[in-house]
Amino acid sequence: MAGTLPGPEPAPGGEPHAPDDGTADALDAYSRIVTTVAAAVTARVASLQVPRRGRGGWFSTALGSAVVFTEDGFLLTNAHVVGHADAGTLAFADGSTSPFHTIGADPLSDLAVLRADGTTPTPVRLGEATALKVGQLVVAVGNPLGLAGTVTAGVVSALGRSLPARSGSAVRVIDNVIQTDAALNPGNSGGALVTANGEVVGITTAVAGNGLGLAVPIDATSRQIIATLLADGRIRRAYLGLAGVPAPLPPELRHRTGQRTGLRIVEVLPDAPADRAGLHDGDLLLTAAGEPMSSARALQHLMLADAIGRPLALTVLRGQALVDVIAVPAELPSDD
(Lines give C-alpha, C1' and ligand atoms only; values in the text may rest on other atoms or scores of the structure.)
Protein backbone atom coordinates (compact mmCIF):
# COMPACT_ATOMS: atom_id res chain seq x y z
CA MET A 1 0.00 0.00 0.00
CA ALA A 2 1.29 3.40 -0.90
CA GLY A 3 2.45 5.53 1.99
CA THR A 4 0.91 8.69 0.64
CA LEU A 5 -2.43 9.68 -0.79
CA PRO A 6 -2.57 9.78 -4.57
CA GLY A 7 -2.42 13.19 -6.22
CA PRO A 8 -4.23 14.39 -9.30
CA GLU A 9 -3.58 12.63 -12.57
CA PRO A 10 -0.97 14.50 -14.59
CA ALA A 11 -2.04 16.19 -17.76
CA PRO A 12 -0.26 15.46 -21.02
CA GLY A 13 3.23 16.84 -20.72
CA GLY A 14 3.53 15.79 -17.07
CA GLU A 15 1.81 18.80 -15.45
CA PRO A 16 -1.18 18.29 -13.08
CA HIS A 17 -4.58 19.31 -14.34
CA ALA A 18 -5.50 22.89 -13.36
CA PRO A 19 -9.18 23.82 -12.94
CA ASP A 20 -10.37 25.70 -15.98
CA ASP A 21 -13.40 27.36 -14.35
CA GLY A 22 -11.51 30.32 -12.87
CA THR A 23 -11.82 29.00 -9.30
CA ALA A 24 -8.09 28.96 -8.64
CA ASP A 25 -7.69 32.51 -9.87
CA ALA A 26 -10.66 33.65 -7.77
CA LEU A 27 -9.28 31.97 -4.66
CA ASP A 28 -5.87 33.48 -5.33
CA ALA A 29 -7.45 36.93 -5.65
CA TYR A 30 -9.40 36.42 -2.41
CA SER A 31 -6.26 35.23 -0.62
CA ARG A 32 -4.24 38.16 -1.94
CA ILE A 33 -6.78 40.62 -0.54
CA VAL A 34 -6.95 39.00 2.89
CA THR A 35 -3.19 38.54 3.21
CA THR A 36 -2.53 42.11 2.08
CA VAL A 37 -5.00 43.50 4.61
CA ALA A 38 -3.60 41.27 7.34
CA ALA A 39 -0.05 42.43 6.61
CA ALA A 40 -1.11 46.08 6.65
CA VAL A 41 -3.33 46.09 9.73
CA THR A 42 -2.32 43.32 12.14
CA ALA A 43 0.68 45.22 13.52
CA ARG A 44 -1.58 48.19 14.27
CA VAL A 45 -4.14 46.28 16.37
CA ALA A 46 -3.07 45.75 19.98
CA SER A 47 -4.14 43.11 22.44
CA LEU A 48 -5.64 44.83 25.45
CA GLN A 49 -5.40 43.71 29.08
CA VAL A 50 -7.56 45.66 31.49
CA PRO A 51 -7.60 45.05 35.27
CA ARG A 52 -11.05 44.68 36.78
CA ARG A 53 -12.01 44.70 40.45
CA GLY A 54 -14.57 42.03 41.19
CA ARG A 55 -16.83 41.35 44.13
CA GLY A 56 -14.97 40.80 47.36
CA GLY A 57 -12.08 42.98 46.22
CA TRP A 58 -10.39 40.41 43.97
CA PHE A 59 -9.01 41.41 40.58
CA SER A 60 -9.44 39.86 37.18
CA THR A 61 -8.21 40.79 33.72
CA ALA A 62 -10.50 41.67 30.85
CA LEU A 63 -9.22 40.99 27.35
CA GLY A 64 -9.92 42.94 24.20
CA SER A 65 -8.39 44.72 21.25
CA ALA A 66 -7.56 48.32 20.32
CA VAL A 67 -6.67 50.03 17.05
CA VAL A 68 -3.94 52.65 16.65
CA PHE A 69 -5.49 55.56 14.75
CA THR A 70 -3.14 58.53 15.25
CA GLU A 71 0.58 59.08 14.83
CA ASP A 72 0.94 60.15 18.47
CA GLY A 73 -0.30 56.93 20.05
CA PHE A 74 -4.07 57.22 20.42
CA LEU A 75 -6.11 54.03 20.06
CA LEU A 76 -9.77 53.19 19.56
CA THR A 77 -11.55 50.39 21.39
CA ASN A 78 -14.95 49.59 22.91
CA ALA A 79 -16.18 51.30 26.06
CA HIS A 80 -17.33 47.95 27.42
CA VAL A 81 -13.77 46.61 27.13
CA VAL A 82 -12.18 49.30 29.33
CA GLY A 83 -15.19 49.70 31.64
CA HIS A 84 -14.19 52.10 34.41
CA ALA A 85 -10.47 51.26 34.22
CA ASP A 86 -8.09 54.20 34.01
CA ALA A 87 -5.17 52.16 32.70
CA GLY A 88 -4.01 48.80 31.41
CA THR A 89 -1.50 47.15 29.12
CA LEU A 90 -1.15 46.95 25.33
CA ALA A 91 0.64 44.15 23.52
CA PHE A 92 1.46 44.33 19.82
CA ALA A 93 2.01 41.58 17.28
CA ASP A 94 5.78 42.24 17.21
CA GLY A 95 5.99 41.36 20.91
CA SER A 96 6.33 44.92 22.20
CA THR A 97 4.18 46.10 25.09
CA SER A 98 3.15 49.44 26.49
CA PRO A 99 1.02 50.70 29.34
CA PHE A 100 -1.94 52.86 28.37
CA HIS A 101 -4.27 55.27 30.07
CA THR A 102 -7.90 55.90 29.23
CA ILE A 103 -8.65 59.28 27.66
CA GLY A 104 -12.41 58.87 27.63
CA ALA A 105 -15.16 56.31 27.16
CA ASP A 106 -18.76 56.61 26.01
CA PRO A 107 -20.87 53.55 26.93
CA LEU A 108 -23.81 54.83 24.88
CA SER A 109 -21.83 54.54 21.65
CA ASP A 110 -19.55 51.75 22.96
CA LEU A 111 -16.48 53.70 21.91
CA ALA A 112 -13.43 54.60 23.97
CA VAL A 113 -10.16 56.40 23.28
CA LEU A 114 -6.89 55.30 24.88
CA ARG A 115 -3.35 56.67 24.74
CA ALA A 116 -0.28 54.50 24.83
CA ASP A 117 2.42 55.60 27.26
CA GLY A 118 5.10 54.12 24.98
CA THR A 119 5.74 53.92 21.27
CA THR A 120 3.12 52.53 18.89
CA PRO A 121 3.08 51.39 15.27
CA THR A 122 1.96 53.75 12.55
CA PRO A 123 -1.82 54.27 12.50
CA VAL A 124 -4.47 52.60 10.39
CA ARG A 125 -6.46 54.53 7.80
CA LEU A 126 -10.01 55.23 8.93
CA GLY A 127 -12.57 54.80 6.17
CA GLU A 128 -16.26 55.59 5.79
CA ALA A 129 -18.83 52.95 6.69
CA THR A 130 -21.63 54.66 4.77
CA ALA A 131 -19.97 53.51 1.54
CA LEU A 132 -20.27 49.81 2.46
CA LYS A 133 -22.43 47.43 0.44
CA VAL A 134 -24.10 44.22 1.56
CA GLY A 135 -21.98 41.33 0.33
CA GLN A 136 -18.74 43.34 0.39
CA LEU A 137 -15.62 41.53 1.60
CA VAL A 138 -14.39 42.61 5.04
CA VAL A 139 -11.57 41.40 7.26
CA ALA A 140 -11.70 41.38 11.07
CA VAL A 141 -8.41 41.82 12.91
CA GLY A 142 -8.28 41.35 16.66
CA ASN A 143 -7.19 39.20 19.55
CA PRO A 144 -9.92 36.66 20.31
CA LEU A 145 -9.39 34.73 23.54
CA GLY A 146 -6.09 36.62 23.93
CA LEU A 147 -4.65 35.12 20.74
CA ALA A 148 -2.80 38.09 19.27
CA GLY A 149 -2.90 38.97 15.60
CA THR A 150 -5.89 36.84 14.63
CA VAL A 151 -7.43 37.50 11.21
CA THR A 152 -10.81 36.31 9.96
CA ALA A 153 -12.65 37.26 6.78
CA GLY A 154 -16.24 37.35 5.61
CA VAL A 155 -18.75 39.69 4.08
CA VAL A 156 -20.97 42.53 5.20
CA SER A 157 -24.11 40.49 5.80
CA ALA A 158 -26.39 43.42 6.67
CA LEU A 159 -26.32 47.17 7.22
CA GLY A 160 -28.45 49.54 9.27
CA ARG A 161 -28.75 47.26 12.28
CA SER A 162 -29.37 48.76 15.71
CA LEU A 163 -27.55 47.83 18.90
CA PRO A 164 -28.91 48.80 22.34
CA ALA A 165 -26.28 50.30 24.65
CA ARG A 166 -26.71 51.06 28.34
CA SER A 167 -25.10 53.46 30.78
CA GLY A 168 -26.60 53.16 34.25
CA SER A 169 -30.36 53.57 33.80
CA ALA A 170 -29.97 55.22 30.38
CA VAL A 171 -30.48 53.16 27.26
CA ARG A 172 -29.53 54.36 23.80
CA VAL A 173 -29.57 52.76 20.37
CA ILE A 174 -26.35 52.72 18.34
CA ASP A 175 -27.46 53.31 14.75
CA ASN A 176 -26.26 51.78 11.49
CA VAL A 177 -24.32 48.97 13.12
CA ILE A 178 -22.48 46.74 10.63
CA GLN A 179 -23.35 43.04 10.66
CA THR A 180 -20.73 40.62 9.36
CA ASP A 181 -20.24 36.87 9.19
CA ALA A 182 -16.49 37.20 9.78
CA ALA A 183 -15.85 35.00 12.82
CA LEU A 184 -15.67 37.00 16.06
CA ASN A 185 -15.01 35.70 19.56
CA PRO A 186 -14.51 37.22 23.02
CA GLY A 187 -11.41 39.40 22.81
CA ASN A 188 -12.25 40.62 19.30
CA SER A 189 -14.14 43.53 20.85
CA GLY A 190 -12.32 46.75 20.07
CA GLY A 191 -10.64 45.30 17.00
CA ALA A 192 -10.73 46.49 13.41
CA LEU A 193 -13.20 45.71 10.65
CA VAL A 194 -11.32 46.43 7.43
CA THR A 195 -12.24 46.71 3.76
CA ALA A 196 -10.23 45.25 0.89
CA ASN A 197 -8.41 48.56 0.39
CA GLY A 198 -7.11 48.48 3.98
CA GLU A 199 -9.43 51.11 5.50
CA VAL A 200 -10.91 50.52 8.95
CA VAL A 201 -14.66 51.04 8.67
CA GLY A 202 -15.80 49.60 12.00
CA ILE A 203 -14.78 48.71 15.54
CA THR A 204 -15.97 45.18 16.28
CA THR A 205 -18.17 45.35 19.33
CA ALA A 206 -20.26 42.26 19.95
CA VAL A 207 -20.74 38.63 19.09
CA ALA A 208 -24.34 38.20 18.03
CA GLY A 209 -24.16 34.39 17.91
CA ASN A 210 -24.92 31.95 15.13
CA GLY A 211 -21.92 33.11 13.15
CA LEU A 212 -22.82 36.79 13.18
CA GLY A 213 -20.75 39.69 14.51
CA LEU A 214 -21.41 43.40 14.87
CA ALA A 215 -19.23 46.49 14.54
CA VAL A 216 -19.72 50.15 15.45
CA PRO A 217 -19.37 52.04 12.15
CA ILE A 218 -16.79 54.69 11.43
CA ASP A 219 -19.03 57.48 10.14
CA ALA A 220 -19.81 61.14 10.80
CA THR A 221 -21.47 60.37 14.15
CA SER A 222 -18.64 58.22 15.49
CA ARG A 223 -16.01 60.67 14.23
CA GLN A 224 -17.72 63.42 16.21
CA ILE A 225 -17.81 61.21 19.30
CA ILE A 226 -14.13 60.33 18.92
CA ALA A 227 -13.17 64.01 18.48
CA THR A 228 -15.15 64.96 21.58
CA LEU A 229 -13.55 62.20 23.64
CA LEU A 230 -10.13 63.41 22.51
CA ALA A 231 -10.95 66.99 23.45
CA ASP A 232 -13.07 66.58 26.58
CA GLY A 233 -12.69 62.98 27.74
CA ARG A 234 -16.44 62.45 27.87
CA ILE A 235 -19.66 62.87 25.94
CA ARG A 236 -22.38 65.13 27.29
CA ARG A 237 -25.94 64.24 26.33
CA ALA A 238 -29.31 65.75 27.08
CA TYR A 239 -32.31 63.83 28.37
CA LEU A 240 -36.01 64.39 29.00
CA GLY A 241 -36.67 61.43 31.25
CA LEU A 242 -39.39 59.65 29.34
CA ALA A 243 -39.84 56.30 27.66
CA GLY A 244 -42.05 55.75 24.66
CA VAL A 245 -43.08 53.31 21.96
CA PRO A 246 -44.21 53.99 18.38
CA ALA A 247 -47.99 54.26 18.01
CA PRO A 248 -50.26 55.16 15.08
CA LEU A 249 -51.90 58.57 14.87
CA PRO A 250 -55.71 58.72 14.67
CA PRO A 251 -56.87 58.64 11.02
CA GLU A 252 -58.09 62.26 10.95
CA LEU A 253 -54.80 63.57 12.39
CA ARG A 254 -52.81 61.34 10.07
CA HIS A 255 -54.71 62.77 7.11
CA ARG A 256 -54.25 66.35 8.31
CA THR A 257 -50.53 66.16 9.09
CA GLY A 258 -49.30 63.42 6.78
CA GLN A 259 -47.58 61.85 9.80
CA ARG A 260 -48.44 58.18 10.34
CA THR A 261 -46.94 57.46 13.78
CA GLY A 262 -45.98 59.24 16.96
CA LEU A 263 -44.27 58.24 20.18
CA ARG A 264 -46.65 56.98 22.88
CA ILE A 265 -45.26 57.96 26.29
CA VAL A 266 -45.35 54.94 28.58
CA GLU A 267 -43.24 56.30 31.45
CA VAL A 268 -42.25 59.71 32.77
CA LEU A 269 -39.54 59.76 35.42
CA PRO A 270 -40.47 61.75 38.53
CA ASP A 271 -38.98 65.26 38.61
CA ALA A 272 -37.31 64.74 35.21
CA PRO A 273 -37.56 67.51 32.57
CA ALA A 274 -40.54 65.77 30.92
CA ASP A 275 -42.33 65.62 34.27
CA ARG A 276 -41.63 69.28 35.00
CA ALA A 277 -42.95 70.17 31.53
CA GLY A 278 -46.27 68.51 32.33
CA LEU A 279 -46.03 65.42 30.13
CA HIS A 280 -48.02 62.37 31.22
CA ASP A 281 -48.14 58.65 30.60
CA GLY A 282 -50.41 58.05 27.63
CA ASP A 283 -49.58 61.30 25.82
CA LEU A 284 -48.78 60.77 22.14
CA LEU A 285 -45.70 62.81 21.28
CA LEU A 286 -46.09 64.16 17.75
CA THR A 287 -43.25 66.63 17.27
CA ALA A 288 -40.15 67.97 19.02
CA ALA A 289 -38.53 71.17 17.77
CA GLY A 290 -40.94 70.94 14.85
CA GLU A 291 -39.66 67.50 13.76
CA PRO A 292 -41.95 64.44 13.63
CA MET A 293 -41.32 62.00 16.46
CA SER A 294 -42.13 58.52 15.15
CA SER A 295 -39.68 56.57 17.31
CA ALA A 296 -37.49 56.81 20.39
CA ARG A 297 -34.51 57.04 18.03
CA ALA A 298 -35.89 60.22 16.46
CA LEU A 299 -36.06 61.85 19.88
CA GLN A 300 -32.64 60.48 20.79
CA HIS A 301 -31.09 62.28 17.82
CA LEU A 302 -32.16 65.62 19.34
CA MET A 303 -30.63 64.87 22.74
CA LEU A 304 -27.17 66.21 22.01
CA ALA A 305 -24.99 68.38 24.22
CA ASP A 306 -26.22 71.64 22.70
CA ALA A 307 -29.79 70.77 23.75
CA ILE A 308 -28.89 70.85 27.45
CA GLY A 309 -30.65 73.75 29.19
CA ARG A 310 -32.35 75.02 26.02
CA PRO A 311 -36.16 75.18 25.74
CA LEU A 312 -37.53 72.44 23.49
CA ALA A 313 -40.99 72.81 21.98
CA LEU A 314 -43.07 69.63 22.10
CA THR A 315 -46.52 68.87 20.74
CA VAL A 316 -48.53 65.96 22.13
CA LEU A 317 -51.97 64.53 21.55
CA ARG A 318 -53.73 64.18 24.90
CA GLY A 319 -57.12 62.59 24.50
CA GLN A 320 -58.62 64.49 21.58
CA ALA A 321 -56.65 67.71 22.16
CA LEU A 322 -53.33 68.91 20.79
CA VAL A 323 -51.20 70.29 23.63
CA ASP A 324 -48.03 72.36 23.21
CA VAL A 325 -45.49 72.26 26.03
CA ILE A 326 -41.95 73.55 26.56
CA ALA A 327 -39.42 71.19 28.13
CA VAL A 328 -35.87 72.04 29.10
CA PRO A 329 -33.60 69.00 28.67
CA ALA A 330 -31.11 68.37 31.45
CA GLU A 331 -27.71 66.74 31.21
CA LEU A 332 -27.82 62.95 31.32
CA PRO A 333 -26.07 61.96 34.54
CA SER A 334 -23.00 59.78 34.27
CA ASP A 335 -23.06 56.23 35.63
CA ASP A 336 -19.68 56.77 37.33
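The values are calculated or read from the model by the stated rules, or taken from the named source; none is laboratory data. Model, not experiment: these values are computed from the prediction. Because the Cβ atoms are built from the backbone with ideal geometry, glycine has one as well, and the counts that use them run over all protein chains shown. Only protein heavy atoms, including side chains, enter the accessible area calculation; ligands, DNA and RNA are left aside. Shrake-Rupley method; radii C 1.70, N 1.55, O 1.52, S 1.80 Å.
Rolling a 1.4 Å probe over the protein heavy atoms leaves residue 221 with an accessible area of roughly 80 Å². If you take all other residues with their beta carbon under 14 Å from the beta carbon of residue 164, and give Lys and Arg +1 and Asp and Glu -1, the sum is +2. Rg and Dmax, both from the Cα atoms of segment 241-335 and both in Å, are 12.8, 43. Largest mean-square fluctuation among 179, 224, 49, in a Gaussian network model of the chain whose springs join Cα atoms under 10 Å apart, belongs to 224.
In whole angstrom, segment 178-336 maps to an equivalent ellipsoid with semi-axes of 36, 20, 14, each derived as √(5λ) from the alpha carbon gyration tensor and ordered largest first.
Evaluated at q = 0.09, 0.11, 0.12 Å⁻¹, the base-10 log of the normalised Debye intensity for the chain, with identical point scatterers placed on the Cα atoms, takes the values -0.59, -0.80, -0.89.
Using the C-alpha gyration tensor of segment 267-317, what are the square roots of 5 times its eigenvalues, in whole angstrom, with the largest one first? All intermediate terms of the calculation are to be shown ahead of the outcome.
On the way: eigenvalues 51, 43, 20 Å².
Working from the Cα gyration tensor, I get semi-axes of 16, 15, 10 Å.
Annotation: Cα Rg of segment 47-162 relative to the compact-globule expectation 2.2 N^0.38 Å equals 1.14. Against the chain, whose longest principal axis is taken from its Cα atoms, helix 23-41 shows a tilt of about 70°. Entry for segment 118-265 at q = 0.19, 0.21 Å⁻¹: log10 I(q)/I(0) = -1.16, -1.29, Debye formula applied to identical alpha-carbon scatterers, no solvent contribution. Axis of helix 220-232 versus longest Cα principal axis of the chain: the two differ by about 80°, to the nearest ten degrees. When the surface is traced with a 1.4 Å probe over the full set of protein chains, residue 52 keeps roughly 80 Å² accessible. Against the criterion of solvent-accessible heavy-atom surface with a 1.4 angstrom probe, 326, 174 sort, most first, into 326, 174.
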